[in-house]
Structure formats: C-alpha cells, structure tokens
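Asker: Got a structure for you, written out below as structure tokens; questions coming shortly.
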Amino acid sequence: MPTGFGRLWTAQTVSSLGDGVSHAALPLLALMLTRDPMALAIVTAAGTLPWLLFGVLGGALVDRWDRRRTMWVADAARAVLLALPAVAAALDVLSIPLLAAVAFLLGLGGLFFDTAATAYLPDLLGRDPVLLERANSRLRGAQTAASGFAGPPAGSALLALGRAVPLLADALSFAVSAALVRSLPAVPRPVPQARESLLRQARAGAAYVFRDRILLGLALRPAVGNVAFIAVETVLALFAHERLGIGAFGFGLLLTAEAAGGLLGAGIASFLGRRLGTGTALTCTAAIEGLAVLGLAAAPNPYAAGLALAVCGAGMGATMVLAPSLRQTIVPAHLMGRVASTSRMLAMCAAPFGAFLGGWLATTYGVRTPLYAAAGLLLAMTAVTASMTGNRRVEAALRAAALTGAAGHPESGDPVRVPATETC
C-alpha cells in the first residue's frame with residue numbers, strides 16, 4: 001500500500017470516531033427536545049437533502065477540482081459549522097430547526113468529501129483491483145470500529161457531561177482529519193473535457209450509470225436500502241426506549257452491536273468475493289440484511305435486537321467493501337466523481353422518503369411497523385437486483401476494464417459493454 005494511504009486511513013478513522021459520537025448524541029439531543037416522530041424525521045431527512053439537490057452537480061465539480069483540496073476544505077468547514085449547535089446547546093437555546101439546518105450543511109460537506117475521497121482512492125492506488133478491495137476493507141473496518149464501537153458509547157457518555165460536549169468532540173475530529181488529508185500526496189487530475197458545461201458533464205455522468213446494468217444495479221441497491229434503513233434509524237431510539245426498555249447508554253451499546261457485525265462483514269468481504277464471486281456475494285448480503293431487519297422488528301428483548309443488528313451490520317459491512325471496489329475498478333478516472341455522486345445521490349435521495357415513511361408508519365400504526373416495512377423492501381430489492389450484478393456479468397465487466405484500461409477509457413462516456421447473453 002502506498003505511504004499516503006496510511007494518512008488517509010488515519011484521517012477517516014479519526015473523523016469516523018467523531019461521527020460515531022454524534023450518531024448516538026444527535027438522536028438523543030433531538031429526543032430531549034421532542035418526542036414527536038415526525039420532528040425526529042425532519043432532522044434525519046435534512047442531512048440527506050443536499051444529495052437530492054446537488055448530488056450530480058457536486059460530482060461534476062469534483063471531477064473539475066483538485067480532489068485532495070476538496071476533501072480537506074470540506075472537513076475544515078464542517079469543523080467550524082459544528083461550533084454553532086455546540087454554542088446553542090451550551091446556552092440552552094438548541095432547537096429542532098437549528099439541528100435540521102446544521103444536519104443539512106453537514107450533509108453538503110459530506111457530499112463533497114465522500115465524492116472526492118471515492119474518486120481520489122483509485123488514483124492513489126493505481127486502480128489496482130486487489131489493492132482497492134484491500135483498501136476499502138481496511139477503510140470500512142476502521143470506520144466501523146471507530147464510528148460503531150468507540151463512538152456511540154462515547155457519545156452517550158459525553159452527553160452526560162453537557163449537551164455541547166459531543167458536538168465539540170466531532171468538530172475536533174473533523175479538524176484533525178482536515179490536517180491529515182491536506183498532507184496527502186497529490187495525484188494527477190483527470191484531463192478536463194474541453195468547453196463542456198457543468199450541466200452537460202453532470203448529465204453525462206448520470207447517463208453512464210443508467211446505461212450500464214452493473215452500475216445501475218449497484219446504485220439501485222443502496223437507493224432502496226436507504227429507504228428501509230433510514231425508516232429504521234428514524235424510530236430506532238424510540239423503539240429502543242419504548243419497546244426494549246433501554247436508556248441512553250443501552251442505546252449506544254445497541255449501535256455498537258451493529259458495528260461489531262459491520263467490522264466482521266468488512267473483514268470477510270474479500271473471502272466471500274473469492275469463494276462465491278462478487279455478484280453472488282452481493283446477492284447473499286442483501287438477503288441477510290432483509291432477514292436481519294425482520295428479526296429486529298420481532299425482537300422480544302434487547303439481546304435479540306442486538307443480535308439482529310449485528311447480523312444486519314455484517315451484511316452491510318461486506319457490501320460496502322465489495323460494491324465500491326467493483327465500481328472503482330470498472331469506471332474510468334475522468335468519470336469517477338460523477339459516477340460516484342450519481343450512485344450516492346440515488347441512495348441519499350431515497351433517504352428522506354425513508355425518514356418520513358418511518359415517522360408516518362410509527363405515528364399511524366406503531367413503532368414496530370417501520371421495521372417490518374423495511375424488511376419487506378430489502379427482500380424485494382434483493383430479488384430485483386440479483387440478475388443485474390450476477391457473477392457472469394461482473395466477470396465480463398472486469399475483463400473489459402482490464403483490456404481497455406479504466407483510466408484510458410474512451411472519452412465518449414459509453415459504459416463497459418457486456419454481451420447481452422451474460423446472465424446471473
């Protein structure tokens with residue numbers, strides 16, 4: 001692994017630790033202000049709206065800008081932004097509208113950082129598929145350990161010291177991450193397409209995804225999955241409090257159980273890909289996620305709920321190693337930012353629907369109902385996308401990318417063509 005990868009790994013681990021702190025603290029802060037499920041849904045949805053409004057255009061901008069600079073500026077801005085709710089919490093004037101506004105701006109910073117990081121990594125690693133899978137496994141494992149194991153219990157504990165404390169901790173993590181990212185090595189910028197408007201470049205990136213069945217399948221899965229998972233996340237704190245009878249510290253431990261599964265899934269993702277093939281492995285992890293959420297909905301106690309979340313986390317952890325590695329291998333460098341942002345935009349645009357669906361179902365039918373609905377969506381999505389990302393189709397795309405060289409792909413933006421006879 002290149003020397004620079006260690007710094008990128010460290011930066012994302014530190015930032016993920018802060019994210020884990022806020023992941024537990026923010027729902028609990030909102031819960032201190034209101035018990036209205038729809039108000040909680042608004043805060044959750046606000047963080048995903050930037051992808052709906054600026055997703056594809058953000059990817060086009062990342063393909064124009066220096067990706068390393070984009071990452072550290074986004075993290076520095078988020079560090080400053082978190083000072084606002086921290087001061088409001090210290091002065092006891094924190095409100096749901098303020099939390100929603102901060103969530104929106106943090107989401108905007110995340111849009112630019114995540115897109116730039118996804119595009120920067122294959123350039124740093126020379127687009128080597130083995131190194132990409134190894135790197136994504138390490139990044140996902142570290143992110144899970146930091147944001148899942150250490151972060152949520154720390155967030156719950158820091159919240160006991162004061163409402164502003166977990167927010168300041170997250171701000172510090174962003175500042176450290178920005179400093180580390182700024183020290184990363186520069187990589188060659190993609191050759192710009194002359195005299196093309198930003199809108200036209202954005203449209204080309206989106207068309208590339210929709211014309212390629214593998215990329216479309218990889219994009220549809222998190223899109224449907226986010227409706228389900230955000231519906232669950234919206235009511236999870238309320239579900240844990242009312243149905244499982246656990247408090248703030250117990251809620252942090254519940255999130256830690258999911259992270260434990262995610263760490264395991266990230267660790268075994270490469271093994272699953274080799275044994276089953278990437279396509280079959282992705283189908284299996286999708287089915288596991290749906291069945292695990294079904295188990296969570298029916299959980300009679302916190303122990304069963306923790307086990308279900310751990311199994312779900314394992315499926316998600318493996319998926320979030322295999323899918324990005326495949327995408328980064330077969331997509332040409334000059335389109336990487338736009339393809340990544342289009343795929344992420346589809347996923348994040350679905351999230352507000354999941355948030356409001358979760359809030360509405362919980363208000364109308366009870367707090368368990370969003371969980372059952374989420375399980376049904378995940379299992380239906382598994383059936384739909386299985387053929388789109390089957391083993392034969394994936395192997396053909398990898399062969400085509402190896403023959404043409406993803407970095408030297410034709411400028412026309414045509415996707416890797418897989419013979420029509422290739423099936424799952």
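The values are calculated or read from the model by the stated rules, or taken from the named source; none is laboratory data. Keep in mind that this is a model prediction, so the values were computed, not measured. Counting neighbours? That spans all protein chains shown, and the Cβs are built from the backbone with ideal geometry, glycine included. We work out accessible area using only protein heavy atoms, side chains counted, and drop any ligands, DNA or RNA first. Shrake-Rupley method; radii C 1.70, N 1.55, O 1.52, S 1.80 Å.
Asker: Note down the net charge around residue 23, summing +1 for each Lys or Arg and -1 for each Asp or Glu among other residues with Cβ under 13 Å from its Cβ.
Answerer: It works out to a net charge of -4.
Asker: To test your reading of the geometry: what angle, between 0 and 90 degrees and rounded to tens, separates the Cα axis of helix 151-161 from the longest principal axis of the chain?
Answerer: Result, in degrees: 30.
Asker: Let me check something: with ligands and nucleic acids excluded, how do 289, 258, 242 order by accessible area (1.4 Å probe), largest to smallest?
Answerer: Values: 289 10, 258 50, 242 110 Å².
Output order, biggest surface exposure first: 242, 258, 289.
Asker: Further question on the same structure: In region 319-396, carbon and sulfur make up what percent of the accessible area (probe 1.4 Å)?
Answerer: Numbers: 1660 of 2410 Å².
Carbon and sulfur together cover 69 percent of it.
Asker: Students sometimes get this wrong: rank 42, 96 by accessible area, probe 1.4 Å, all chains present, largest first.
Answerer: Result, largest first: 42, 96.
Asker: OK, next. Give a residue-ordered list of calculated ³J(HN,Hα) values for region 204-216 (Karplus: 6.51 cos²θ - 1.76 cosθ + 1.60, θ = phi - 60°; whole Hz; x for Gly, Pro).
Answerer: 3J(HN,Hα) across region 204-216, in whole Hz: 5, x, 5, 4, 4, 5, 6, 8, 10, 5, 5, 5, 5.
Asker: So what J values fall out for region 311-320 if you push phi through Karplus, 6.51 cos²θ - 1.76 cosθ + 1.60 with θ = phi - 60°, rounded to Hz, Gly and Pro as x?
Answerer: Along region 311-320, the couplings run 5, 4, x, 5, x, 5, x, 5, 4, 7 Hz.
Asker: If Lys and Arg each add +1 and Asp and Glu each add -1, what is the summed charge of the other residues whose beta carbon sits under 15 Å from the beta carbon of residue 73?
Answerer: For residues surrounding residue 73, the net value is +3.
Asker: So what are the three principal axis dimensions of the chain from its Cα atoms, in whole Å, longest to shortest?
Answerer: Sorted largest first, the three principal extents are 57, 41, 36 Å.
Asker: Once you list every other residue whose beta carbon is under 13 Å from the beta carbon of residue 218, what net charge do they have if Lys and Arg are +1 and Asp and Glu are -1?
Answerer: On the way: positive: 213, 221, 327, 344, 393; negative: 212.
That works out to +4.
Asker: Something else now. Separation of region 199-248 and region 332-381 by C-alpha centroid, Å?
Answerer: After rounding, the separation between the Cα centres reads 3 Å.
Asker: Also: Any idea of the accessible area per residue across the chain, 1.4 Å probe, to the nearest Å²?
Answerer: Accessible surface, normalised per residue, equals 40 Å².
Asker: Taking the Cα centroid of region 103-124 and of region 249-288, what is the distance between the two, rounded to the nearest whole Å?
Answerer: 23 Å
Asker: Name the residue from 323, 277, 90 whose Cα lies farthest towards the positive end of the charge dipole of the chain, charges +1 on Cβ of Lys and Arg and -1 on Cβ of Asp and Glu.
Answerer: It is 277, whose Cα lies furthest towards the positive end.
Asker: Moving to a separate point now. Among 254, 286, 210, which residue has its Cα furthest toward the positive end of the charge dipole of region 188-296, with +1 on Lys/Arg Cβ and -1 on Asp/Glu Cβ?
Answerer: 210
Asker: Hey, what's the Cα Rg ratio for region 1-154 versus the globular rule of thumb, 2.2 N^0.38 Å?
Answerer: Normalised Cα radius of gyration, region 1-154: 1.13.
Asker: How large is ³J(HN,Hα), in whole Hz, for each residue of region 283-288 in order, when computed from phi with the Karplus curve 6.51 cos²θ - 1.76 cosθ + 1.60 and θ = phi - 60°, using x for Gly and Pro?
Answerer: Once θ is set to phi - 60°, the couplings for region 283-288 become 5, 5, 5, 5, 5, 4 Hz.
Asker: Can I ask one more? Check which residues have an amide H placed less than 5 Å from residue 246's amide H, if you skip close sequence neighbours.
Answerer: When sequence neighbours closer than 5 places are left aside, the close amide H contacts are 241.
Asker: Label points 7 Å out from Cα along the Cβ direction at residue 186 and residue 275: separation in nm?
Answerer: Label-label distance for residue 186 and residue 275, simple model: 4.6 nm.
Asker: Measuring from a point 7 Å past the Cα of residue 364 along Cα-to-C-beta, which residues in region 13-45 have an amide N at less than 19 Å?
Answerer: 36-42, 45
Asker: If you don't mind, another one. Using the alpha carbon gyration tensor of region 30-96, what are the three equivalent-ellipsoid semi-axes (square root of 5 times each eigenvalue), largest first, in whole Å?
Answerer: Taking √(5λ) for each Cα gyration eigenvalue gives 30, 18, 6 Å.
Asker: A further question on this structure: Stretch residue 36-residue 66 to full length: gain in nm at 0.36 nm per residue minus the Cα-Cα span?
Answerer: So the chain would gain 6.5 nm between residue 36 and residue 66.
Asker: Same structure, new question: What's the angle, to the nearest 10 degrees (0 to 90), between helix 67-81's Cα axis and the longest principal axis of the chain?
Answerer: So the helix axis and the longest Cα principal axis differ by about 10 degrees.
Asker: Rounded to two decimals, what is the ratio between the C-alpha radius of gyration of region 147-267 and 2.2 N^0.38 Å? Working shown, then result.
Answerer: On the way: Rg = 20.7 Å, N = 121, 2.2 N^0.38 = 13.6 Å.
Compactness ratio reported: 1.52.
Asker: Next question. Kirkwood Rh over alpha-carbon pairs of region 242-348, then Stokes-Einstein at 4 °C and 1.567 mPa s: what D in µm² s⁻¹, rounded to an integer?
Answerer: Result for D is 86 µm²/s.
Asker: Something else now. What's the carbon and sulfur percent of region 65-177's accessible surface, probe 1.4 angstrom, rounded to a whole number? Could you put the intermediate results ahead of the total?
Answerer: Numbers: 2920 of 4230 Å².
Carbon-and-sulfur percentage of accessible area, whole number: 69.
Asker: Run the dipole for the chain about the Cα centre, Lys and Arg Cβ at +1, Asp and Glu Cβ at -1, nothing else charged, and hand back the magnitude in debye, nearest 20.
Answerer: In debye, rounded to 20, the chain gives about 820.
Asker: Let me spell out the model: positive unit charges on the Cβ of Lys and Arg, negative unit charges on the Cβ of Asp and Glu, origin at the Cα centre of region 12-94. What dipole size does that give, in debye rounded to 20?
Answerer: On the way: 6 positive and 6 negative charges, 48 e Å.
Result for region 12-94 is approximately 220 debye, rounded to the nearest 20.
Asker: Once both axes come from the Cα atoms, what is the angle between helix 336-365 and the longest principal axis of the chain, in degrees from 0 to 90, rounded to 10?
Answerer: The answer is roughly 30 degrees.
Asker: Over the chain, what is the relative contact order in whole percent, taking alpha-carbon pairs under 8 Å and six or more residues apart?
Answerer: Relative CO of the chain lands at 27 percent.
Asker: On to the next question. Under 18 Å from a point placed 7 Å out from the Cα of residue 253 along the Cα-to-Cβ direction: which residues of region 296-317 have their backbone N that close?
Answerer: Those under the cut-off are 299-311.
Asker: Could the peptides 128-135, 330-337 be put in order, highest first, of the mean number of other beta-carbon atoms found within 10 Å of their residues?
Answerer: 330-337, 128-135
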